[in-house]
Amino acid sequence: MGSFADLPPQEQKYLESIGAQSFFVAYQLSLNKDTLGGKEWDPTKPAEMQEALIKWLKSQSYTKPSKINQPELAVFFAEPLLGPVSYMSLPEYYGDPPYQMTAEEKAAYKKYLDQFLIGAAAIKKEWPNAKCLMPWGMPSFPIPFLRESKEATALMDGPAIDLVLFERMPEMQLHQVTFSSAMWQLRQEWLKTGKPWPKLITIEGPGTSPARPGAVTAQEEADHTVRAVLVLASYNTTRFLGWPGVSHCAGYWGEQHYGSGLCEPIPLLNPRPVYASYATLTRQLNRMNFVKVVPTPSNTVFCLQFKHYMTGELLHVLWTLRGKRTVTQLDLSPVARITVHDSMDNPIVVTPNGTFTITTSPCYVRGLKRDVNLVLGAPDHSDAKLGPNAVALGDLGDGSWKLSAERDMDYEDVHLEFIKKFPGKFSLHAGAGPDGKSKALAVRLERQEKERRTMPFYTTLAPPKPILIPGRASHLGLWVKAASDWGRVVYCLKDARGERWLSVGKKGEWNVDDVHNWSAFNYDGWRYLTFELPANSPYDLYREAGTSFWGNYQGDLVVDLPLTLEKIIVERRTHVIHATEQLAAAPDDVLLGSLYAEYEQPADQTDQAVLLSRLRMPVPDTPPDLANPIRELAQAGTTAGPEVTRITPPEREYDGRRCHVHFAPAVGAKTYEVWVATYADGRGAILLGKDWTTPGQLLTGLSPNIDLYLFVIAKDAAGQASKPGKPFKVNLKDMFPLK
């Protein structure tokens, strides 16, 4: 391979069009001893820090220019977080005051800012064509820097995108780890600075969840992956450097629905549907650059326009989010020769007037010579049907359901950083059901006192009395007519012991608030929506997969059958993020029809299924008799042990399994050990930190959301151990969103 200058002119032109003017190397920089040649980081000595950084970089093989390598990308910080401001839905966009960082978050911001200003200035001086990207991680991380620092804004060339969607649709609205939250918000803030929106890269992702039980189907894996690339392309992402992977991964990341890829895990490596759909994407978009998002009559039908960088040929990519529907009148000019290919690169039949069918899998249209006004046919939701064991629970159009003005703070307060729900003005009206004969309940969003563009308004629908869900149901099902406003229904249940279960996930947890969008109004027309119910297996109380998407309140985390439905919360939105733009949502009423319970088998409908669910494994009356190494160390030690003074989170992967442990150095200590127990007296303690030479090192192997006790001992040069210090109680939180 030759140098950039050796490439044919047309290839140089193409690489320039996507922002790649040389071959590249990516760094992952944080200014510390490793990148400063052993020097301690000191922001008061910028010249010294810059000299040390450049010296270290030049010593690395990947910065040495060659025919196939020219340093181009300098990527700062690996998956950092400042706190909620790094990932939240910003309050300014729904009419609330800006988030105020804590003192700790401000200190972290200052540390990152100093490192970026010093490091980026040095790199751009040494390599003038280098792009300084911050961070390697969530694209919303740079927002505080864009707002507060003109110097950082001038040096910044964008983020290096690392964003994994898991089960989410790429088009999902602002919430945890969505493109809307990360990309749309960043774009608004970036354009406010006056800088042109840059050409972006992905450094990891945009992987979606691998197809496996409890995650997505093989078809969804293929659809979401390709649509994620297309949505990022609409944000001017021109190079995808970190994905796709060759195969699904196993181990911890695979179990977290993280490690997606084109093939089955090693050693099978069987290609999956995503393999073919991604190959189709790359063939169809070869040498095509994004032009614009073409308006469509529906906020959940997408049409992106691309243009060949040399020939000027137009390519349009279309898809819908649910079901399928026809598109017609694309181009009525006599010279148009339209061809359409599906996601497997098979040709699609097009009628003489330019009509064909689109689905959730993107299709590729060639031959259009100009912009067109798309005409959509009626939506087809025949893929969503009642199951064979569905039992009717009620009919929301029977006139008995009423609006309730009572606020639900369990529901309102869950995931506040990502989705804030506002009580709204609603009214109820009579409507026709999906068959045109039955009755439905029309829920109308009235004009609100204050605009909340990125967040939903909600109201509550209450039946005359709680509705019993017989036996052990697997899903709730509801007929809903929607108009793509991305509202949703939220179910509020109680179990036999009075424990509340809400279909919004558990407060404080990641990736649990209907990430599948089962309950979302992200379609047009009548569709049957099903939502998996929470459940525990009998005897050992194994938590069934659907329980992940329910939050429990005032209880013991066990689903005690039978369940009852107390009310349904309905969310509506006034605006929708459609690719890169915020658009007004259709004001049409949402119509709610019949409500059903779905069962895996007829026997699950019976009281016998409830009795079976109440079987319990015997639990010992006394705590386990565990060895106590802390007590033994206390008896053997002769000197007082160090006491933990504080813990601090790691700079990256703050998942509740890692933290830095700080304590005062002990006189004469050569090394330290950190023991961890689930009991304050040290029973069952295990050694996790071994042969530490200084306080403040990173302790790994912990568990989030449970009480743990840390004990530190010091050892002298002869290996004599001190007594353990006093136990230090911690309860770490999982704040790593990318899993």
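The values are calculated or read from the model by the stated rules, or taken from the named source; none is laboratory data. For clarity, every value in this text was computed on a predicted model and none was experimentally measured. When we count neighbours, we look across all protein chains shown, and the Cβ atoms used for this are built from the backbone with ideal geometry, even at glycine. Ligands, DNA and RNA are stripped out before the accessible areas are found, and what is left, the full protein with its side chains, is counted by its heavy atoms. Shrake-Rupley method; radii C 1.70, N 1.55, O 1.52, S 1.80 Å.
The table below gives the values:
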quantity	calculated
From the C-alpha gyration tensor of the range 202-321, square roots of 5λ in Å	28, 16, 12
Heavy atoms of Tyr94 accessible to a 1.4 Å probe, total area in Å² rounded to 10	10 Å²
Kirkwood-based Rg to Rh ratio, the range 1-160, C-alpha trace	1.03
Intensity falloff of the range 412-462 expressed as log10 I(q)/I(0), Debye formula with alpha-carbon point scatterers, at q = 0.19, 0.25, 0.28, 0.30 Å⁻¹	-0.75, -0.96, -1.06, -1.14
C-alpha center-to-center spacing [the range 182-246, the range 678-724] in angstrom	41 Å
log10 of Debye I(q)/I(0), alpha-carbon scatterers only, for the range 483-561 at 0.20 Å⁻¹	-0.88
The range 169-220, dipole about Cα centre (Lys/Arg Cβ +1, Asp/Glu Cβ -1), debye to the nearest 20	240 debye
At 0.890 mPa s and 25 °C, Stokes diffusion of the range 358-444 via Kirkwood alpha-carbon radius, µm² per second	133 µm²/s
Which of Arg657, Arg322 is most accessible, then next, and so on - probe 1.4 Å	Arg657, Arg322
Solvent-accessible area, 1.4 Å probe, carbon plus sulfur percent, for the chain	54 percent
Mean separation of Cα contacts under 8 Å, 6 or more apart, over the residue count of the chain: relative contact order %	10 percent
Leu403, Leu699, ranked by accessible area, largest first (probe 1.4 Å)	Leu403, Leu699
Note, ³J(HN,Hα) from phi for the range 81-88, Karplus 6.51, -1.76, 1.60, rounded to Hz, x at Gly and Pro	9, 8, x, x, 4, 7, 9, 6
Viscosity 0.692 mPa s, 37 °C: Kirkwood-radius Stokes-Einstein D of the range 433-557 over Cα pairs, µm²/s	199 µm²/s
Relative contact order for the range 109-236, counting Cα pairs under 8 Å that sit 6 or more residues apart, in percent	22 percent
The range 490-627 - Rg (one decimal) and Dmax (whole number), Cα, Å	18.9, 66
For peptides 498-508, 275-285, 41-51, sequence by mean Cβ density within 10 Å, most packed first	498-508, 275-285, 41-51
Positive-pole candidate from Phe418, Ala430, Leu445, dipole of the range 403-449, charges at beta carbon	Ala430
At 0.692 mPa s and 37 °C, Stokes diffusion of the range 123-236 via Kirkwood alpha-carbon radius, µm² per second	219 µm²/s
Convex hull (Cα only) mean projected area of the range 131-183, reported in nm² to one decimal	3.8 nm²
Whole-Å semi-axes of the range 644-739's equivalent ellipsoid (Cα gyration tensor)	24, 15, 10
Set of lysines near Lys506 by C-alpha distance (under 18 Å), chain-local residues within fewer than 8 positions excluded	Lys420, Lys421, Lys494, Lys733, Lys739
Tail weight of P(r) past 52 Å, computed on alpha-carbon pairs of the chain, percent	18 percent
